[in-house]
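The values are calculated or read from the model by the stated rules, or taken from the named source; none is laboratory data. Note that the structure is predicted; figures quoted are calculated from it, not measured. Cβ atoms come from the backbone with ideal geometry, glycine included; neighbour counts cover every protein chain shown. Surface areas here come from the heavy atoms of the whole protein model, side chains and all, with no ligands, DNA or RNA. Shrake-Rupley method; radii C 1.70, N 1.55, O 1.52, S 1.80 Å.
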Amino acid sequence: MGLTLGKEKLFSYLDLFGFGSKTGIDLNGESDGIIFSLNKVGDLELATTAFGQGVSVTPIQQTTAVSAVVNGGKLYTPYIVKSFSEPETNSIIKENSPKLVRTTISEETSKKMRYALESVVARGGGKYAYIDGYRVGGKTGTAQKVQNGKYLVNNYIMSFMAVVPANDPKAILYIAIDNPKNTALLSSYTTAPVARRILLDIIDALGIEKQEGGIEKVHQWDDPTYVVVSDVVGLSAKEASKKLYPLEVEYSGSGSKVVEQSPVAGTKVDSTSKVRLMLGD
């Protein structure tokens, strides 16, 4: 595909999505990343760049670019701090707001990409990030690490990029694990399950509602068993633990009754998942 596109076309899109240059995020020490100079790209460099080897991008570049892929093609300057306030009066001194850099792809292409990412989670390598009732899109990543100019053996950075809901993105998640041990060297087994647990918290925090119409998951014999989380607000810790079995329970706060739970009641989760309960009076 890289050879079919040609180096000019492929590298023009790397530029469009901001790879090889700083995003302008409000943090010190941002890197440009490493992208081949166009005049040094032969067939070998074109081929490796096409599948992501021989280049280096930062997590914020990756997140910014994928955000543009799923939001209709709009590339924005990312920022961490929403606003600065005067400590005495609490009046806002400076406030950040989204700044459009450029348009990368069409809304039609973005829609196709959202569908493709949802397909990865429902039917592909991102299946362990699937959450019943929520349209999650995602993509696994496996980066071979370099030392002294040579690729290391069995030493990878495993990553997963997720977006929720896939059809109308509200949040994007990027997670990476540097050189995971004692596991299959596949992101579908290492990062996707972790991403799923974080996505459940994101869904809860943003109040994202369930919806129908997503891509139906293709179930396999080794898929995890799912259970529906019971409503335990108002119960004692002992009663709540009993009602939530076989789910693992983690408590915080002090008091005799459950005042808040995460995930909320009615959420379908893996039977090995953990439910966090806040105790109070």
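Summary table below
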read-out	value
Per residue, in Å², the accessible surface of the chain once ligands and nucleic acids are set aside, probe 1.4 Å	59 Å²
Cα gyration tensor, segment 135-215 - rounded (a/c under 1.5), prolate or oblate	prolate
Ser31-Thr225 pseudo-label distance in nm [points 7 Å out on the Cα-to-Cβ vector]	4.5 nm
Sites Ile92 and Phe51, calculated FRET efficiency, Cβ-Cβ separation with R0 51 Å, nearest 0.05	0.65
Apportionment of accessible area to carbon and sulfur, the chain, percent (1.4 Å)	54 percent
Relative contact order (%) - criterion: Cα under 8 Å, at least six apart; region: the chain	12 percent
Label-point separation, Val81 to Val259 (7 Å along Cα→Cβ), nm	3.2 nm
Count, lysine Cα pairs under 26 Å in segment 78-141, 8 or more residues apart or across chains	9
Interchain or long-range residues, amide H under 5 Å from Leu279's placed H	Ser252, Gly253, Ser254, Val259
Partners for Lys238 among lysines (Cα-Cα distance below 18 Å; same-chain residues under 8 apart left out)	Lys257, Lys274
Cα pair distances in segment 1-157, grouped into 10 Å bins until the bin that holds the longest one, percent each	9, 28, 36, 19, 6, 2, 0
Computed helical MRE - 222 nm, the chain, DSSP H runs ≥ 4 contributing -39500 (n - 2.57), nearest 500	-8500 deg cm²/dmol
Among [x] 37, 25, 19; [y] 57, 18, 15; [z] 38, 21, 14, the entry derived from the coordinates for semi-axes √(5λ) of the Cα gyration tensor in Å	[x]
Length gained when the stretch Leu3-Gln211 is fully extended (0.36 nm per residue, less Cα-Cα span)	70.8 nm
Cα-projected label distance for Glu250 with Arg276, points at 7 Å along beta-carbon direction, nm	0.6 nm
Gain upon complete extension [Ser236, Ser119; 0.36 nm per residue less C-alpha separation]	38.0 nm
Only Lys, Arg (+1) and Asp, Glu (-1) charged, at Cβ; the chain dipole about Cα centre in debye	520 debye
Burial ranking of peptide ranges 39-50, 79-90 (average Cβ count within 10 Å, highest at the top)	39-50, 79-90
Model label zone, Gln144; criterion: amide N under 19 Å from point 7 Å along Cα-to-beta-carbon; scope segment 38-71	42-57
Taking segment 130-281 and dividing mean pair separation by its residue count, relative contact order in percent (alpha carbons under 8 Å, at least six apart)	19 percent
Solvent accessible area, Å² - Ile105, 1.4 Å probe, full protein context	30 Å²
